[in-house]
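Bear in mind that the values in this text are calculations on the coordinates, not laboratory data. Model, not experiment: these values are computed from the prediction. No Cβ is skipped: glycine too gets one built from the backbone with ideal geometry, and neighbour counts run over all protein chains shown.
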Amino acid sequence: MSTRLTQGGIRINRTRPVTFTFNGQRLKGYEGDTLASALLANDKMMLGRSFKYHRPRGLVSSGTEEPNALFGIGKGGRFEPNQRATMQELYDGLTAASQNHWPSLEFDVGEINAYLSRFFPAGFYYKTFMWPRSFWKHVFEPVIRQSAGLGKAPKDRDADTYEHFYHFCDVLVIGGGLAGLVAAQAAASGGARVTLLEQEAQFGGRTGVDAPEAAAQAAALVEELSGMANVRLIRRCMGAGVYDHGYVLGYERLTDHLADKAGPRHRLWRIRAGQVITATGAIERPLSFAGNDVPGVMLAAAVRDYLVNFGVSVGDRVVVVTNNDDAYLTAIRLVEAGLSVPAIVDARAGGAGELGAKAEGLGIRVLKGHGIARVKGRRRVTGVALCRQVGEGAVTEELACDAVAMSGGWSPVVHLWSHCGGKLIWDEDQAMFRPDAARPPTGADGAGFVRVAGAANGVMALDALVRDAADQGLAAAEAVGQGGTPADLPEVPARADHAIEPVWLMPASASRELRAKAWLDYQNDVKVTDIQLAAQEGYESVEHAKRYTTLGMATDQGKLSNINGLAVLSGALDSPIPQVGTTTFRPPYTPISMGAIAGEARGDTFQPLRRSPLHDWHEANGADWEPVGPWRRPYTYLRASETRAQAVEREILQTRNSLGLLDASTLGKLIVKGPDAGRFMDMMYTNMMSNLKPGKCRYGLMCSENGFLVDDGVVARIDEDTWLCHTTTGGADRIHAHMEEWLQTEWWDWQVHTANLTEQYAQIAVVGPMARTVLETLGGMDLSKEALGFMEWTDGVLADIPVRVYRISFSGELSYEIAVRASLGQALWDKIADVGAAYRIMPYGTECLHILRAEKGFIMIGDETDGTVIPQDLGLHWAISKKKEDFLGKRAQERRHMTDPDRWKLVGLETTDGSVLPDGAYAVTEGVNANGQRNVQGRVTSTYHSPTLGRGIAMGLVLHGPDRMGETLEFPGTDGKTYTATIVDPVFYDKDGEKQNV
Amino acid sequence: MSEPISALGMARFDGLAGVADCGLQGMITLRGDLSARAVKSAVTTATGITGPKQPRPLQIVTGKAGTAAWMSPDEMLLLCPYGEVDAVLAAMQQKLAKAHALAVDVSDARALLQVTGPSAREVMAKLCPLDLSPATFQPGTIRRTRMAQIPAALWMEDEMSFQVICFRSVADYAFNLLKTAAQPESGVGYF
C-alpha cells in the first residue's frame, strides 16, 4: 500500500489540508502536494490504462517525464485532458478523472486488447489497414476514430485567457536546480541581465532530496539572486523551445495551481537572449524487465522524491533494482524512514561504491549480479522473481514486496540544446548521450549561443556539477561582453561511486516470453520485442523504427523510452549506439496549451478586421458582409424579407435606372512622385502613363516581370511630378510593395517617392443617370459634361466638404467617384444619401458592382485573371503600348508560349436557354487526355444572372474564342446538367458607351 | 461645415493601464533626403525644430510648432494640430519646391491611441516585440514595430504614457488589443 507517513515531506504543509476529487471520490492532500503525491498518499496506485492494450498503469516518475498518470483536469470551460499528475500542484476543489477506460478504471472492456496482444504486434496498423481498400472507409476508420486519442477533447469554449510577453536579456538560464542557480549567479556577477526560468514551483531541483547538506546553500543562492537588480527569477515557467538567434519560448503557468482562476491562465514568454544556458538536469531511465509496467514499479529517484518531498511511501516493502549507485540512495532513505527494503538487486557483479557500503551498513541485503526476472501482480506489485543478470531468467528466488524502485542510469535532458541544432556525443563511460560542446547551436555570427550546465551536460557528481555550472555561467557572461568574477562555490558533498554498467535488457538474454512483457514506451505500449521486430523487418533507421513501432510518439515524446529503445535497436542491429543515433528533439519540451500559443488572438482580436470609414453605417443598414482580404465589404444590403438575389437585383435596376451609391474606400490609392515618376509609371504599367495630362485619368494594367496581369485600375495625373494610382482592394499593399521593391532594388537611382494613401480617403461612387443631378444639388462644383469630362478629375468643395471628384465608371453609367478625407467620409455619404432620397438612391454592394461591370464586359482581377493570364488573353491589346521600349512584363510577353495562338482568349458566353452557367465550368471537346479525362477547350471566369438583360451572362477563356463568334459550347455542370452557351462579344450592355458619355 | 470624426470616437478603457483614443491628429509624411537643406528647412517650418536638433534614427523630437519622428532613412513623420495640416503643408511645399521630396497629409489614414499609467510599459510589452525596459526605451525614442498582427509606431510622452499610431482601418482591432492586454488582474510586475 502507498500511504502518507506521519513524518517528513519538505514541500508539504501539514497544517493546510486540501480536498480534491479523483473520479468523483473526495480525497485529502496537503498544500504543497502534487496531484501525483496526493493520489499516492491515498493509495491510488493504478491511475490509468495504457493506450493500446489498456494495461493497468500507475505512476512511474515524479516529474515532466511521466508517461502514465495523465488526467482530465478541471470541468466545463476549464477541462483539459492529458495533464500530468506529477506537474499538477494540488489546490482545493481540483477535480481529476482518469482516462482511456470504459466503463471504469477498475473494469475496462478494452483490456481485452492485452489478451490479444500477439495479434497486435508493431506495425499492426501498417499491415492491417492496407487491405482491402474499401474496408478503410467503412470498417477501420470508424473503429479507429472511436478508440483514438488518449483523453477526451474539451467540449466547451475555453473559459480562460492567455497572453504573450516579450522579454529581452543577456543570459537566459533554463532550469533552477543547483546548477542553474550557480550558473545564474556566475552569469550575473559582471552585471549582465540574467533571467532564470524554473518549471516547478520551487528552486533547488533535486538538492533537497539528494543532497540535503547543500539545500541551505541553494536556498541562500535563491535569496541572493532574488535581491539582484540585474536578475529575474521566474517560477512555474518551462523553457519550451530554443530557436534561431537566441529566441526562446518560456511557458509560464499562472493559475493552474490556484483554486481562484482570475487573470490569464498561461503566459508565453517570447524571449531574446544573448546567450542561453540550459541547466535542465537529467531524467532517470527505467530498466527493461518483464512486468516493469505494473503499478508500483517506479523510478528509484521518484520513490525517494515522494518520500522526502511529500512524506509519502510507495509501499512498506520496496525492492530496489539498479545498474548504478544512485538507486542505493533510495534504499537508504527508505530504511532511514523506517520502511523495509527486502533487497537491492544490482545488475553489476561488483556492486556499488561508498553508498553500497552504507546500505550494507544499514543492514540492507544487496544481491550483486542479479536482476528481476518478472514482476508479480497485475493491478499492483505483489512481489518479484529474481534471476541472474546473465542468462535467460531462470528464477533464483522470489521476494514479496509492494513496490519496485528501478534505475537504469540517467539521461541528460539535452532537448533544448538539440532544438536548434546542438549535437550530441555518446559517453561510453556514463552510458548516456550528452551535449558535444564543440558542436553547439550557432547564431548569426557562427558562434554558439547555447551552453549546458550540470547534469544536463553529463556532469553528474555534485562537486563537479557546481564547478561546471559556474564555468558555463562565466563563459556566457563573457560571450555577451559582461564577464564577471567567480563567486565562492557552494560546498557540496563528493561521492565515490562505482561506474554504471549499461543494462538494456534484464536479464541480458531474456527469453521471448519475458521480452514481450518488458515495456520500453509505457504510453504507447511498445515492448522490447516490438523494436526487435522492427529491426528484423528492415526498419533499421531509428526514425523509421520509431514510426513503425510508435516508440516515443506519445504525449511524453519518449522521455523515458528513447534511449532504452535505441539501445535495444542497436543490439538488434549489432550496430553501436552512436551509429544508431537518436530521433530528433523538437520543441516544445512538453506540450504547451494552444491558448498560450494563440495568446490574445481570440474573439475580437483573433484577426485584424479592416473597417472602411463607412463600416458602421453599412452594418446599421443591412449589410450582408463579404470578406475581401482583411476588409469586410457589403455584398449587398438586405431589406426586410428580401433574399440576397432579390436585394442584388433591386440594387442593379435602381443604379441602372436612377442612382446607386458605392463605398469604394477600400480601393488602393498610391502616390508616385518625383522627376523620374513618369519613366517609372511607364515601367509599371503596360500602357503609356507619362503622357497623361494633369487633370486626366487613364485605365492601366500592371504585369509581373513574367508578363502575367497582376492588377488594374485608373491612374490620375495630379501634377507635373505626381501620379495617383488606383489599385484593386486586394492590390493596395501588394502593389505598393511591388513598386518599392523595384525602386529599392533595381532603379534605386531613380528619383521617385511613393506613398500609400489608401486609408487617407473615403471614396464614394455616385452612379447612375441621376448622379450629376444629385451632386449639383449638393452644390459647390460645376460637374457638367463640359466642366468635367469622362476620365477627368478635379478638386473642389461639395456641400462644404473638400473633395476630389473623378469622373470614371466601372459600371457603364454616368459615374463620379468622390474622394474625401476619411474623417469626413460619413458626413459626405449622409449628405449624398439625403439629397439622393428624391431619386430613391440606394447603396449597392460588391455583387451589384460585379454584375454591372460584367454586363459591360469589364474584367475583374481575380476572376478573369488567376496568375496565368496575360493582358493579350483578355483582348486588352489596346492597353499595351507598342511604342514603349520597355515595361514590366514586355519581354516575357514576347516568349513563344505567350504568343501561342492557341492560348485561350476572352469571350462572352450566353446560354441558349437564358440560364446561368456554373462558375468555373469547363467547355468540353472531343476525346480524352492521358488521364482519361474529357478534353477541354475553355472555362468560365465570371458568370451572373443579369437583371438588366433578364438572362444569364458570362465571360470565359476559350480556345480561338474571338474567332468563333456564334459557335456553341457545352459545359457539363457538377449538378449533372450540361449547359449550352453561344460565344458572343463580352460587352453585353450599351456597347457604344452612350450611357456614361452624357 | 461637417465635423470630422476619428475612427474610435474618443473611446476609452481603464484597466491595468488607461487606453484612450487621442482623437484626430495632424500627421504629415515627408519622404526625401533627410540631410538635404530643403528637406531640413521644411521640417523646421512644420515643427520649429532647427536642423541639428532634428531627429536622428529612432528619435522623436518636439519643437515649438510640432513634432518630428524618424521613420526610415528617407522618411519622417511630422505631427501638428489636425486643423493646421493644410497650412503647414502649403508652407512646407514652398521650401520643397525645388527639392525631390514628397510631403502628404496622412492624418486621416491613421489612428492615435494613448496608453497611460504605471503599467503602460507592461501592456505594450505584451503586444510588441520590443525591448521596452527603461534602459533601452525612454521618452524621445520612437519605434515602428508590430502590435500583435498589425503594424504600429510607438513612443513615450513621459515615463507613464505611450502614444501608439496604427492604420485607421484597424483602429478597432488596436483598441481591443490594448484593452485585452490591460485587463485588470493580468499584471506581470515586470518593469
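For the reader, a short list of remarks on this structure follows.
- Net length gained if the chain between A:Lys696 and A:Ser784 were fully extended (0.36 nm per residue, minus Cα distance): 30.1 nm
- Summary of the geometry: the stretch A:715-780 and the stretch B:7-70, compared by the centres of their Cα atoms, lie 25 Å apart.
- Exposure proxy ranking for B:Lys53, A:Lys831, based on other Cβ atoms within 10 angstrom of each Cβ and starting from the fewest, stands as B:Lys53, A:Lys831.
- Cα pair distances exceeding 13 angstrom across the stretch A:836-879, given as percent: 66 percent
- Each label was represented as a point 7 Å from its Cα along the Cα-to-Cβ direction; for B:Arg146 and A:Glu540 these points are 4.5 nm apart.
- Dipole of chain B, positive end: most advanced residue of B:Ala120, B:Ala181, B:Val88 [Cβ charges, Cα centre]: B:Val88
- For the protein assembly as shown, the Cα-based Rg and Dmax, in that order, read 37.1, 114 Å.
- Estimated from the Cβ-Cβ distance and a Förster radius of 30 angstrom, the FRET efficiency linking A:Ala357 and A:Thr584 is about 0.10.
- With R₀ fixed at 30 Å, the C-beta to C-beta distance from A:Arg157 to A:Asp830 puts the FRET efficiency at about 0.15.
- Nearest 10 degrees, 0 to 90: helix A:822-836 Cα axis against chain A principal axis: 40 degrees
- Each semi-axis of the equivalent ellipsoid for the stretch A:435-509 is √(5λ) with λ an eigenvalue of the Cα gyration tensor; in descending order they amount to 31, 21, 6 Å.
- Placing unit charges on each Cβ (+1 for Lys and Arg, -1 for Asp and Glu) gives the protein assembly as shown a dipole about its Cα centre, and among A:Thr655, A:Ala822, A:Gly353 the Cα reaching farthest toward its positive end belongs to A:Gly353.
- Stretching A:Glu642 away from A:Ser226 to a fully extended chain increases their span by 143.0 nm, per 0.36 nm per residue minus the current alpha-carbon distance.
- Here the dipole of the protein assembly as shown is about 1480 debye; that uses its Cα centre as origin and unit charges on the Cβ of Lys and Arg (positive) and Asp and Glu (negative).
- Per-residue Cβ neighbour counts within 10 Å put A:Arg193, B:Arg144 in the sequence B:Arg144, A:Arg193, beginning with the fewest.
- Across every direction, the projection of the convex hull enclosing the Cα atoms of the stretch A:948-987 has a mean area of 3.5 nm².
- Long-range HN-HN contacts of A:Leu424 with modeled amide H, under 5 Å: A:Asp436
- With kT/(6 pi eta Rh) evaluated at 37 °C and eta = 0.692 mPa s, and Rh the Kirkwood radius from Cα pairs, the stretch B:5-62 diffuses with a coefficient of 233 µm²/s according to Stokes-Einstein.
- Here the stretch A:719-843 is treated with +1 on each Lys and Arg Cβ and -1 on each Asp and Glu Cβ, and its dipole about the Cα centre works out to around 660 debye.
- Within-10-Å neighbourhood charge of A:Ser942 [Cβ basis; K, R +1; D, E -1]: -2
- Computed from point charges on the beta carbon alone (+1 for Lys and Arg, -1 for Asp and Glu), the dipole magnitude for the stretch A:622-730 about its Cα centre is near 280 Debye.
- The stretch A:419-462 residues near the modelled A:Leu489 label - backbone nitrogen below 13 Å, point 7 Å along Cα→Cβ: A:454-455, A:459-462
- Value in Å of the Kirkwood radius, where chain B supplies the Cα pairs that are averaged: 17.1 Å
- Förster radius 41 Å - calculated FRET efficiency between A:Trp878 and A:Asp749, Cβ distance, rounded to 0.05: 0.80
- Sorted by Cβ neighbour density within 10 Å, fewest at the top, the residues A:Met684, A:Met553, B:Met156, B:Met10: B:Met10, A:Met553, B:Met156, A:Met684
- Inter-label distance, A:Ser340 to B:Gln93: 10.1 nm, where each label sits 7 Å from its Cα along the C-beta direction.
- Using 0.36 nm per residue and subtracting the Cα-Cα separation, the extra length available between A:Ser104 and A:Glu619 on full extension is 180.1 nm.
- Positive end of the dipole of the protein assembly as shown (Cβ unit charges, origin at the Cα centre): among A:Thr899, A:Gly932, A:Gly32, the Cα lying farthest that way belongs to A:Gly32.
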